[in-house]
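To keep things clear, I will list the structure first and then write my remarks on it.
Taken together, the values in this text are just the output of simple stated rules run on the coordinates, not laboratory data. Here the structure is a predicted model, which means the values were calculated and not measured. Note that we place each Cβ from the backbone using ideal geometry, even for glycine, and neighbour counts take in every protein chain shown.
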Amino acid sequence: MIETALVAYLKADAGVAALTTRIRPFPLPETEPMPAISYARISTGRRHKYLGRSNVQLPVIQLTCWGSTPDEAMAVVEAVDAALDSRSIPGAQVCLVQDLRPAMFEPSPRPLWRGDLDVLIGQIE
């Protein structure tokens, strides 16, 4: 699964690992220490060819970078964005970082801030 490769890639990146190695499927547990990253597949596109379905998947994975402060959340967003800038994950190709939103307050029992990146990944099955 591409999510497993993406998580391993981010955990191995020095810039991301310097801030956090807590990368979990969405939603994060409320007790998760900050900063952290959650991920969710928000769509699974597939390329088609003239005679039918191809073996190329184009999932969109949303990475949400969490922090206790806006600066902490955005530092994680910037580290993840820099890690994905190489556009190459073993077994896949990062095609596009679609969205980089400013940190937003997330109402919860404790104040949290987040920034989202939506990543389109090309993968041949």
Stretched fully, the stretch from residue 8 through residue 32 gains (0.36 nm per residue minus C-alpha distance, one decimal, in nm) 6.7 nm
With R₀ set to 22 angstrom, the calculated FRET efficiency between the beta-carbons of residue 110 and residue 18, to the nearest 0.05, is 0.40
